[in-house]
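As structure tokens, the structure follows; a few thoughts come after it.
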Amino acid sequence: MIPPNATIESLLATFAKLVAVEIVAAQKATVEPAPMPRLTTDEACRELKISKAKLLRLRDEGAPTHYVGQSPRWDLSELEAWLDARGPKGAPSKPKKDGDVVVLKSRGAQ
């Protein structure tokens with residue numbers, strides 16, 4: 001209710017104070033970004049351009065995995081950070097020299 005003896009100036013001053021309080025409250029409020037949805041195994045493989053078998057091997061090596069029931073889910077940023085920290089695996093420890101000979105045997109060969 002507006003007091004009967006209120007002037008326009010006093011009403012505007014009161015309104016300005018209320019608006020200022022709301023602005024300060026809005027500036028202090030922090031809005032958390034929505035979390036990225038966790039990906040299914042197929043979606044994670046598509047994003048990383050790797051096979052399903054490779055992703056499951058990475059899980060067995062300790063890749064960050066979340067579960068919904070028994071279904072694994074993957075956070076792409078966590079997985080990429082883990083892969084970066086892990087570094088390349090499976091690469092030869094020392095490069096081959098031009099003179100090195102590699103002998104390949106078939107499974108049936110002795």
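Just so you know, all these numbers are worked out from the coordinates, no wet-lab data involved. As the structure is a computational prediction, the values presented were derived from the model and not from experiment. Here the Cβ positions follow ideal geometry from the backbone for every residue, glycine too, while neighbour counts run over all protein chains shown.
Quick rundown of the values:
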| read-out | value |
| --- | --- |
| Residue in region 39-48 that is outside any helix (DSSP H, G or I), in contact (Cβ under 8 Å) with a residue 12 or more places away in the chain, within 30 Å of Ala85 (Cα to Cα) and not polar (S, T, N, Q) present | yes |
| Lys49 vs. criteria over 16 Å from the mean Cα position of the chain (by Cα) and surrounded by 10 or more Cβ atoms within 10 Å (Cβ to Cβ) | no |
| Flag if Pro88 is of a type outside the set (Asp, Glu) and over 19 Å from Met36 (Cα atoms) | yes |
| So Ala63, is it in a loop (DSSP other than H, G, I, E, B), without any contact (Cβ under 8 Å) to a residue 40 or more places away in the chain and surrounded by 10 or more Cβ atoms within 10 Å (Cβ to Cβ) | yes |
